[in-house]
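Worksheet: the structure to be examined is printed underneath.
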Amino acid sequence: MTAVTELLDGIQEQLSMLRRPVASDLVRPGLPETELNQTLGDRAPSEVKEWFSWCDGTRRRTGQTVDAAAFIPGYIFPSVAEAGRVRQLGNPDLDMMGEWFPILLSASSDLYAAVWKDKTFVGVAGVLVGADTEIEFLSVLEMLQVQLSAYTSGAYFVDDEGEFEVDDTLLDGVFRQITGREPLD
């Protein structure tokens, strides 16, 4: 077990505690290293390989909503094949940063992507349609620390209607505490 997979386990536990349907829809275990090397290449950072070795995406069910499939509010944990299809479409901003691969996807074309040059990890970029693409996290590990703390602090919560929501003020505080940086606008 690695630090990445331990944090992913922690997030899955939080999803279970919140009674989120996705907790049982995460396809575990993920892909073996040989298959990941074929898809991602041997230069992909170990944190990206660990991500997809933990889980190969969210199982799709008939009638499943984006909210019910959300790993974090608004974003799903894609399979390697699904992320690969998004990667093949390209993204001019990410392409200029280096090699990249999506690790979280939204229904509105927003995504989080791991970015690297050669074997050096650049960071996790947040891609929001209509906004500048920026490195938001310096590592997958840092992103997961922020996400897990968002769950345990109550920044991610289920509202009275059963929708998965975000308290932006709490999330910004978690980001500052974990990273020591100001959140991006």
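Over all Cα pairs of region 102-162, how is the pair count split among 5 Å bins, expressed in % and running from 0 up to the last occupied bin?
4, 17, 20, 21, 20, 11, 4, 1, 1, 0
Provide the gained length on full extension for the span A131 to S46, in nm with one decimal, where the gain is 0.36 nm per separating residue minus the Cα-Cα distance. Show your work: numbers first, answer last.
Working: separation 85, 0.36 × 85 = 30.60 nm, distance 2.87 nm.
The A131-S46 span can extend by a further 27.7 nm.
Heavy-atom accessible area per residue, region 63-118, 1.4 Å probe: how many Å²? Let's see the in-between values first.
Values: 2300 Å² over 56 residues.
Accessible surface, normalised per residue, equals 41 Å².
Between L89 and T39, take the C-beta separation as r, use R0 = 25 Å, and let me know the FRET efficiency to the nearest 0.05. Display every interim value, and only then the final one.
Values: r = 16 Å, r/R0 = 0.63.
The computed FRET efficiency comes out at 0.95.
Among 76-89, 172-185, 119-132, what's the highest-first ranking by average C-beta atoms within 10 angstrom per residue? Could you put the intermediate results ahead of the total?
Details: 76-89: 17.4, 172-185: 13.8, 119-132: 15.3.
Listed from highest to lowest mean packing, they are 76-89, 119-132, 172-185.
Sorting check: for 96-108, 21-33, which peptide has the highest mean count of neighbouring beta carbons within 10 Å, and how do the rest follow?
Working: 96-108: 18.5, 21-33: 16.0.
Result, highest mean first: 96-108, 21-33.
For R61 and V166 in one chain, what is 0.36 nm times their gap in residues minus the Cα-Cα distance, to one decimal in nm?
Values: separation 105, 0.36 × 105 = 37.80 nm, distance 2.45 nm.
Result: 35.4 nm gained on full extension.
Roughly speaking, to the nearest percent, how much of region 68-171's 1.4 Å accessible area is carbon and sulfur? Can you show the working numbers first?
Details: 2360 of 4650 Å².
That share works out to 51 percent.
The values are calculated or read from the model by the stated rules, or taken from the named source; none is laboratory data. Remember, it's a predicted structure, so these values are computed and weren't measured experimentally. When we count neighbours, we look across all protein chains shown, and the Cβ atoms used for this are built from the backbone with ideal geometry, even at glycine. What goes into the accessible areas is simple: the full protein's heavy atoms, side chains included, and nothing from ligands, DNA or RNA. Shrake-Rupley method; radii C 1.70, N 1.55, O 1.52, S 1.80 Å.
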